[in-house]
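Worksheet: one structure, shown below.
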Amino acid sequence: MDSTELRIAAVVPCHNEEASVAKVVADLQAAVPGIVVYVYDNLSTDQTAERAREAGAIVRYENTKGKGNVVRRAFADIDADIYLMIDGDDTYEASAAPLMIKTLLDGPYDHVLGVRRETESLKDTGSSAYRAGHEMGNKVLNGVVGKVFGENVEDMLSGFRVFSRRFVKSFPAVSREFEIETELTVHSLHLRVPQTAVPVGFRDRPAGSESKLRTYHDGFKILGLIIGLARHERPVAFYGLFGTLSWLISIALAIPIVVEFYATHEVPRFPTLFLAFTLLLLGSLAWTAGLVLDGIRRSRHEAARLNYLLHSAPGVDGDPEPRR
């Protein structure tokens, strides 16, 4: 199926991006004929909305601050066959969009991740598009998510992605700020949707544009989200770890008391014995909580899967033969 036969919507979250948003809109329209570009102005204090409207975008407003809130609103409001999400800071090469859309249709896939690769012109200058610590932080977070969910993650924090309708309409979007990319990644992992990655050019921001990402503040928020997701998505491992540690400490405290009791038939350290039994009980409760929550997790995943299956794969309807 030709992509021009499908409704393709681009979601461009923006907060004070007047220096770059018009170029992003123009590049998307040139790269993907017929694409409808939605620029979501998130409490901008500059001329972002005006520049986007002049460039031919549909401008909408989200008055609750945070990229996650913008994506939540856009995914709920926009009706399309294919959704493209890209930042409004002109750091991604929009020319990669046709390849990403074609890859989604040829799969068919539900999620195509744009893995950032710094452009050759930027490499030649010896500079980097990543702010200090961002590249290393991204690699660390990729590794943490990979270990927790058992899947390799190439660029979890990339803001350039293409989605199918069934991915978007089954995505709960509970994150408020920059954690939204992490939530998108985890959603694709726990639903085990067909997905792949495509390298995309990544460059520095244009002059007059400033990053909204706060390295340590947002990094800790993303790490906190990963821990929270691990608690929800791997409850047996999460609570079992605390339960097992509690049992081990309990046993370590109880062994000397038991040995002394057999030697003297007395228990001189009742507080320590009481603490050991308390830890033993807490460990048992932790394991019980993990097992109960694991059953709830399975029910959630089944419900999410059924909601996901309500929509057909992109470009599959009417195909005489299945895609290879």
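Between R297 and H232, what length in nm is gained on full extension when 0.36 nm per residue of separation is reduced by their alpha carbon distance?
Extra length from R297 to H232 when fully extended: 22.7 nm.
Counting only the heavy atoms of the protein chains, how much of S250 is accessible to a 1.4 Å probe, in Å² to the nearest 10?
Approximately 10 Å² of S250 is accessible to the 1.4 Å probe.
Take the solvent-accessible surface of the protein heavy atoms, probe 1.4 Å, and return the percent of it on the chain that carbon and sulfur atoms account for.
Carbon and sulfur atoms account for 59 percent of the accessible area of the chain.
Listed highest first by mean packing, meaning other Cβ atoms within 10 Å per residue, what order do 162-174, 27-39, 79-91 come in?
Ranked by mean Cβ neighbours within 10 Å, highest first: 79-91, 162-174, 27-39.
Working out 0.36 nm times the residue gap between R305 and V258, then minus their Cα-Cα distance, what length gain in nm do you get to one decimal?
My answer for the length gained is 11.8 nm.
Evaluate the distance, in nm, between pseudo-label points positioned 7 Å from the Cα of R176 and of K147 along their respective Cα→Cβ axes.
In this crude spin-label approximation the distance works out to 2.8 nm.
When all protein chains stay in place, what accessible area (Å², nearest 10, 1.4 Å probe) is found for H311?
Number for this one is 40 Å².
Considering only protein heavy atoms, with the full assembly of protein chains and a 1.4 angstrom probe, order K102, K23 by accessible area, largest first.
Ranking K102, K23 by accessible area, largest first, yields K102, K23.
What distance in nm lies between label points placed 7 Å from Cα along the C-beta direction at E50 and E154?
Reported label-point gap for E50 and E154 is 4.1 nm.
With θ set to phi - 60°, apply the Karplus curve 6.51 cos²θ - 1.76 cosθ + 1.60 along segment 82-98 and write out the HN-Hα couplings as whole Hz, x wherever there is a Gly or Pro.
Here the 3J(HN,Hα) series is 10, 10, 10, 10, 8, 6, x, 9, 6, 8, 9, 7, 5, 5, 7, 4, x Hz.
For the Cα atoms of the chain, what angle does the longest principal axis make with the long axis of helix 235-264, in degrees from 0 to 90, nearest 10?
Once rounded, one gets 10 degrees.
Mind counting lysine pairs for me in the chain? Cα separation below 25 Å, and the two need to be 8 or more apart along the chain or on different chains.
Close lysine pairs found across the chain: 20.
Quick check: net charge around P235, other residues with Cβ under 14 Å of its Cβ, Lys/Arg +1 and Asp/Glu -1?
Once all neighbours under 14 Å are counted, the net charge is +3.
With a sphere of radius 15 Å drawn around the Cβ of A276, what net charge do the other residues whose Cβ falls strictly inside it have (Lys, Arg +1; Asp, Glu -1)?
Details: positive: R269; negative: E260.
It works out to a net charge of 0.
Taking square-rooted eigenvalues a ≥ b ≥ c of the alpha carbon gyration tensor, is the chain rounded, prolate or oblate, where a/c under 1.5 means rounded and, failing that, a/b exceeding b/c means prolate?
prolate
How large is the helix-only mean residue ellipticity at 222 nm for the chain, computed as the sum of -39500 (n - 2.57) over DSSP H runs with n ≥ 4, divided by its residue count, in deg cm²/dmol to the nearest 500?
-17000 deg cm²/dmol
Which residues does the label zone of T288 cover in segment 258-280, counting backbone N under 16 Å from a point 7 Å along Cα→Cβ?
Only 277-280 pass the distance filter.
Hand me the trypsin sites (Lys or Arg not before Pro) from segment 25-70 located in a DSSP loop with no more than 16 other Cβ atoms within 10 Å, in residue order please.
On the way: sites: R51, R53, R60, K65, K67; in loops: K65.
Sparse-neighbourhood loop trypsin sites (Lys or Arg not before Pro): K65.
With everything on Cα atoms, drop me the angle between helix 180-191 and the longest principal axis of the chain, reported from 0 to 90° to the nearest 10.
Orientation of helix 180-191: about 70 degrees from the principal axis.
The values are calculated or read from the model by the stated rules, or taken from the named source; none is laboratory data. Treat the numbers as computed from the prediction; the structure is a model and nothing was measured. Neighbour counts run over all protein chains shown; Cβ positions are idealised from the backbone, glycine included. Areas reflect the complete protein model, heavy atoms only, side chains present, ligands, DNA and RNA absent. Shrake-Rupley method; radii C 1.70, N 1.55, O 1.52, S 1.80 Å.
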